[in-house]
Amino acid sequence: MATTALIAHIAAAKYAWQSTLYRQTQILAGQGVVVDRQTLARWMGSAAWLGRGLYDLQLKTMHGFERLFCDETPMPVLDPVRGRTRICQFWAHATDDRAWKGPAPPAVAYVFADGRGKKEIVAQLAGFEGVLQVDGYAAYASLVGDAKVPGRSSWRIVSFTRAATS
């Protein structure tokens, strides 16, 4: 029987230290514990299912604050149908009002999406009202002027672009 400590260790090794489940099965086997990769994958799925309610609550709470920071980064994902990887996106939603002595504690939640277009942004920010701090990605600015986007009038987007270096 797997303990919560073992499952937490495997999850931390996989997601924080990028140690694949295949590699972890080899490490465990070297310590005399024989567990196949499918079992580890099932444990990770169960752990994600158990933590989903907490994740949803954290994201909803963060979207309830007045200021939210968003940024995305490419994430290669294995696509077994095509036999190669495809590029998806991990979006970081963050709050931290300590500098302004505001109510939002430091927090970050990651949202996975297939792309980085308008529809992904709108889906993630449904129900958010306030100041959205973003980088210079043009899709954010185009959302403000798009009358078809529900709730867009409640966003005030603050965009910061990187200065060009010579």
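The values are calculated or read from the model by the stated rules, or taken from the named source; none is laboratory data. Being a predicted model, the structure only gives us computed values, none of them experimental. A quick note on method: Cβ atoms are made from the backbone with ideal geometry, for glycine too, and the neighbour counts reach across all protein chains shown. Heads up: the accessible areas ignore ligands, DNA and RNA and are worked out on the full protein's heavy atoms, side chains in. Shrake-Rupley method; radii C 1.70, N 1.55, O 1.52, S 1.80 Å.
Quick one: is Arg82 modelled with pLDDT under 90 and either surrounded by 11 or more Cβ atoms within 10 Å (Cβ to Cβ) or closer than 29 Å to Ala139 by Cβ (or both)? It is true that Arg82 is modelled with pLDDT under 90 and either surrounded by 11 or more Cβ atoms within 10 Å (Cβ to Cβ) or closer than 29 Å to Ala139 by Cβ (or both).
Pick from region 27-74 the residues that are under 16 Å from Leu132 (Cβ atoms) and assigned to a loop (DSSP other than H, G, I, E, B): which of them is least open to solvent (accessible area, probe 1.4 Å)? If we take residues in region 27-74 being under 16 Å from Leu132 (Cβ atoms) and assigned to a loop (DSSP other than H, G, I, E, B), then Phe65 is least open to solvent (accessible area, probe 1.4 Å).
Answer yes or no as to whether Ile87 is in contact with a helix residue (DSSP H, G or I) (Cβ under 8 Å, 6 or more places away or on another chain) and modelled with pLDDT of 90 or more. Full working, then the answer.
Values: in contact with a helix residue (DSSP H, G or I) (Cβ under 8 Å, 6 or more places away or on another chain): no; modelled with pLDDT of 90 or more: yes.
Judged against the criteria, Ile87 is not a match.
Within region 1-26, the residues that satisfy the criterion of being outside any loop (DSSP other than H, G, I, E, B) and either in contact (Cβ under 8 Å) with a residue 60 or more places away in the chain or more than 25 Å from Tyr110 (Cα to Cα) (or both) are Thr25, Gln26.
Taking residues in region 118-132 that are more than 22 Å from Cys88 (Cβ to Cβ) and touching a residue at least 60 places away in the same chain (Cβ under 8 Å), and partners anywhere that are open to solvent by 30 Å² or more (accessible area, probe 1.4 Å) and part of a loop (DSSP other than H, G, I, E, B), the pairs with Cβ atoms closer than 6 Å and at least 6 places apart or on different chains are Gly130/Glu66. Filter region 16-26 down to the residues that are surrounded by 11 or more Cβ atoms within 10 Å (Cβ to Cβ) and hydrophobic (A, V, I, L, M, F, W, C) and list them by number. Hit for region 16-26 is Leu21, nothing else. Is it the case that region 100-113 has a residue that's of a type in the set (D, E, K, R), under 16 Å from Phe69 (Cα atoms) and open to solvent by 20 Å² or more (accessible area, probe 1.4 Å)? Among the residues of region 100-113, not one is of a type in the set (D, E, K, R), under 16 Å from Phe69 (Cα atoms) and open to solvent by 20 Å² or more (accessible area, probe 1.4 Å), which makes the answer no.
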